[in-house]
Structures are given as C-alpha cells and as structure tokens.
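> Pasting in a structure now, in structure tokens, and then I'll have a few things to ask.
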Amino acid sequence: MNADAEAITDSVDKHHAWFQKSLCLIASENLMSPLSMEMYLSDFGHRYAEGLPGKRYYQGNTYVDEVEILITKMLKRIFGCDLADPRPTSGTVANLAVLFALTKPGDIITTVALSDGAHISTARFGAVGVRGVNTVAYPWDEENMTIDVDGSARLIRQVKPKVALFGQSVFLFPTPLKELQDAFQEVGCYVWYDAAHVLGLIAGGRFQDPLREGAEIISGSTHKTLPGPQHGVLLANPRDEKMKKRLLRGVFPGVVSNHHLHAMAALGITLAEFEVFGRKYADQVVNNARTLGQALHERGMKVLGEQLGFTESHTIAVDVSLEGGGAQVALDLEKANIITNKNLLPKDKSPISPSGIRLGSQELTRLGMRESEMEEVGDLIYRVATKKEDPDRVAREVASLRAGFNTIQYCFNEMEEAYKRYVLVAD
Ligand SMILES: *Cc1c(COP(=O)(O)O)cnc(C)c1O
C-alpha cells in the first residue's frame, strides 16, 4: 500500500468506528443485510448486461439473466404491478427514466414544492430541469402535512399537466390520491408516485398502496425504508404496450448503460428477505417513529403533525427554530454522534438555514431498537438540542445505548461474519 491508499483505508476504518458508536437517524439511509452485502461484493460488480434478459448486447450474462428475471418476478409480486424494472441505478435515475419516457421538453408537470418536502430531482433545477420540463406546485395543507386536496384538484384541472407527480423526501402522511381520481380522469394525465422514501413501507403493507389508489407509475430508491443497496426501481401498470415500451426504453438506452449488477443482485436478497420479514419490520419502523415523535413532543419540542400522531411513516420533522435552527441543531447533534440533517419546513425559504431537522427511525429499527429505545433516543436528542448539554457527555451515553444493537435484524443471518468484516468493523 502507498500513502494515498493507506489514507483511504484509514478514513474508511475511522468512519466505521464512528458509525458503530453513533445513532444514525438520516431518513434516507439504511443497512444492507449480510447476505445482500455478499452479493454486493460479488463479481457481478465487474460486468455489463445492457438490454433485457435474453436480449443482451454482450456475452457472459447467463447467470445475470437468471437473477434479473427472478428479481423482476419478486418486484411484480410484492408491488402488484405488470411492469417492474430493476435497472435504474438510483431513485434519481429512475425519475429521469420516467421523465424521458413520458414527457417532452416544455411539458408541464405538477409536483410538491421543495419547501413542502419534495426531492431535488423533482425540481426544475434538478432532474426535471434536465428534461426541460416545467413544474407547477400543488397547494399545501400545513395542518395535515400533505397536499391540499381541493386546491390540487383545481390546479390539475386548470394547468392540465402531462404528468401529475407525487411524493416527498419529508413524507409524513400518505398522499390523498383517490380523492384526485376525477381530476386525473378529466385531464388524462399520467399519475406518477415517487416512493423513494416509503418503498419499504409500501412493500411491508404499512403505507398507502399507490398503484391501487390511482398511480400508474412508481419510481423509488431501494436503500431508504427498503433496506437494500443504493439502487433504484421503476414499477408500473402501463396503460398499453406502447407506454410499457417507452418506460423500458426510458431506462435503457435512455438513462442507464451499466445497471450495477452487484447492486441488483443485492436487491434480490433484500426482496427475498422482505417477503419473510418485511411486514414485521415495517410495523416496527412506523411504531418507532411515532414513539420518537411522542417522546420529543412530551419534552416540549415542536414536532410537526402533532394532532395526527406525528407521522404514518418512518420520518418525523421537528421545528427547531427556537433552539437555534436546523443547521445549528444538526451540528450539535453530530458532536454527540446523533446523525441527522437540517431540513426545510413549509414556509422556509433558505435551504442553508432551514428551521427544521428530519429524523428517520428505519435504521435504528433495522438494528433491533424498539419503543423503549426510541424513548431514550428522544431524550438524548432533547438534551443536546434543547437543553444544550455538553455533546461529549451525551456521546458517551449514545455509545452505550448503541453498543447493545450491533446486529442487523429482519434478515437471513448466513453471512454475518463476512458482513462484520466488511462493514461493522469492531474497534
Ligand atoms: C431520495 C429521493 C430520490 C432520489 O433517490 P436517489 O436514490 O438518492 O437518487 C428521489 N425522490 C425522492 C422523493 C427522494 O426522497
């Protein structure tokens, strides 16, 4: 090893050691299972398989095809859809594929506003802008932390979007899709649901079921509430053969060449495990998030969605403008090894100094934490954020809470030793 290589391995080791004594509450992250991790490290990660199984451009894809066919089947079964494409390499790439397939430059699509929780890829200066599509934002119902139904129906009828896009990165409550059915029908727009955050909750039966409620297309990330590799999927019930072809071509050759075969194989294991453990996991994720919201609320912190039980997903949003703002609080929490992020809340203007923090329960749930641990986590957050206790002192308690939760749950345990070697490096 030379000095640069040593510096890199050293930094990664330090990162592992740090995260092993931390509480990670970033709502978009999770942990792969040991067996997924083994697939992730396989030779699949060195290969190309452009096209579809049986119709490839390269040789050497015999077993890649077997895996891709099986994963496609599992996705169709789990999400109840006619078309499943596991090739998008991330949620953003899946979004680009949908935009490529269903829109032309200059088209209008309706979306959630960034400050109301939308993702950058659904904004004009993100992936949507790459396609040259214009966006109009739905009116927001702050009390219920979702789109305003009547105003959104009116907006759809008025602007007649090519596509009505839904979904957020601060996704506390289901989107009222059924209520917009008449407006969709009248306008004839495509109905697209970005499930990046809530894909695992949908698969676990613990959130809305968009394809049964009027959505035709789902894009998603496979590493947020779905605890798989960093990758994406596109799921749909296309209206006809032409729409199906356009979606598939949107992915390849549209936006993907190499589709990260190692990640796809790892995703296959995640899905297989999810068919066994997914419901229990999703239940615990939501129960934990609600408990964490309640714990912070009881200590006087301003948790959004109070009258609705704070959340129906893995995420809670906390207004910390009185505690110094999201940026300051997230930094203080990091010093105590509680990893979160600052976040825009409705009405915020500046993404650099927003008033909120966003917390997700899914990773701690994956490590086996339950309601009683969420009470403790809530107290630790409160002591740093509101009481301004010394973060170093709190960090010691964080480490001791975390020390009891070092095994990935809700998965097959065959490869635990290998997983520890690669990911959870002890001391
Ligand atoms: C995270 C996210 C994405 C992008 O996913 P990546 O896999 O990070 O590219 C897209 N849409 C929403 C709503 C998200 O939260």
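> From the phi of every residue in region 246-262, what ³J(HN,Hα) in whole Hz does the Karplus formula 6.51 cos²θ - 1.76 cosθ + 1.60 yield, where θ is phi - 60° and glycine or proline is x?
With coefficients 6.51, -1.76 and 1.60, one gets 5, 5, 4, 6, x, 6, 10, x, x, 10, 10, 10, 5, 9, 6, 5, 5 Hz.
> For region 25-156, what's the relative contact order in percent, using C-alpha pairs closer than 8 Å and at least 6 residues apart?
13 percent
> Suppose every Lys and Arg Cβ carries +1 and every Asp and Glu Cβ carries -1, with no other charges. What dipole size does region 98-194 come out with about its Cα centre, to the nearest 20 debye?
Computed about the Cα centre, the dipole is about 560 debye.
> Along region 270-275, what does the Karplus equation 6.51 cos²θ - 1.76 cosθ + 1.60 (θ = phi - 60°) give for ³J(HN,Hα), rounded to whole Hz, x for Gly and Pro?
Per-residue couplings from phi come out as 4, 5, 4, 5, 5, 5 Hz.
> Quick check: Cα centre of region 136-208 to Cα centre of region 342-400, how many Å?
Taking the Cα centre of each part, region 136-208 and region 342-400 sit 28 Å apart.
> Next question. DSSP loop (so not H, G, I, E, B), at most 12 other Cβ within 10 Å: list which chymotrypsin sites (Phe, Trp or Tyr not before Pro) in region 1-106 pass both filters.
TYR57, TYR58
> So, one more: With respect to the cross-link table entries LYS14/LYS387; LYS76/LYS302; LYS160/LYS347; LYS160/LYS244; LYS160/LYS280, which display a Cα-Cα separation exceeding 32 Å?
Checking Cα-Cα distances, LYS76/LYS302; LYS160/LYS280 exceed 32 Å.
> Which residues' amide hydrogens lie under 5 Å from the amide hydrogen of GLY228, considering only partners 5 or more residues apart or on another chain, with H built in the peptide plane?
HIS223
> Let me ask something else. Before anything else, pin down the relative contact order of the chain: Cα pairs under 8 Å, at least 6 apart, normalised by residue count, whole percent.
With pairs under 8 Å counted, the relative contact order is 24 percent.
> Report the net charge of residues surrounding VAL286, where surrounding means a beta-carbon distance below 9 angstrom and charges are Lys +1, Arg +1, Asp -1, Glu -1.
Summing Lys/Arg as +1 and Asp/Glu as -1 gives 0.
> Let a ≥ b ≥ c be the square roots of the eigenvalues of the Cα gyration tensor of the chain; is it rounded (a/c under 1.5), or, if not, prolate (a/b larger than b/c) or oblate?
Oblate.
> Moving on to the next point. Within 13 Å, Cβ to Cβ, of THR92, how many net charges do the neighbouring residues add up to if Lys/Arg are +1 and Asp/Glu are -1?
Here the charged neighbours net out to +1.
> Moving to a separate point now. Looking only at ILE109, ILE71, ILE120, which one moves most when the chain is put into a Gaussian network model with springs between Cα atoms under 10 Å?
ILE120
> Something else: Classify region 133-253 from the C-alpha gyration tensor, please: rounded if a/c falls under 1.5, else prolate or oblate depending on whether a/b exceeds b/c.
oblate
> Moving on to the next point. Which lysines does LYS21 reach when only Cα atoms under 16 Å apart count, and residues fewer than 8 places away in its own chain are ignored?
LYS21 reaches LYS335, LYS420.
> Let me ask something else about it. In the chain, what percentage of the DSSP-assigned beta bridges are antiparallel, given to the nearest 5?
60 percent
> Which shape class, rounded, prolate or oblate, goes with region 1-117 when its Cα gyration tensor gives a ≥ b ≥ c as root eigenvalues, a/c under 1.5 marks rounded, and past that a/b bigger than b/c marks prolate?
Oblate.
> On to the next question. Please give me, ordered by residue number, the chymotrypsin sites (Phe, Trp or Tyr not before Pro) of region 140-232 that lie in loop per DSSP and have at most 13 other Cβ atoms within 10 Å.
Nothing satisfies the criteria.
> Let me ask something else. Before anything else, pin down the relative contact order of region 101-257: Cα pairs under 8 Å, at least 6 apart, normalised by residue count, whole percent.
The value is 18 percent.
> Using amide H atoms built in the peptide plane, which far-off residues or other-chain residues are under 5 Å from ALA137 H to H?
The answer is THR111.
> Which of the aspartates and glutamates could be linked to LYS388 by a straight reach, that is with a Cα gap under 14 Å, when you skip same-chain ones fewer than 8 residues away?
Answer for LYS388, where 14 Å is the Cα cut-off: GLU323, ASP332, GLU334, ASP379, listed by chain and number.
> Find, among the trypsin sites (Lys or Arg not before Pro) in region 290-355, those assigned to loop by DSSP (not H, G, I, E, B) with at most 11 other beta-carbon atoms within 10 angstrom.
LYS347, LYS349
Bear in mind these aren't lab numbers, they're just calculated from the coordinates by the rules spelled out. All figures in this text were calculated on a predicted structure; none of them were measured in a lab. Cβ: placed from backbone, ideal geometry, glycine included. Neighbour counts: every protein chain shown.
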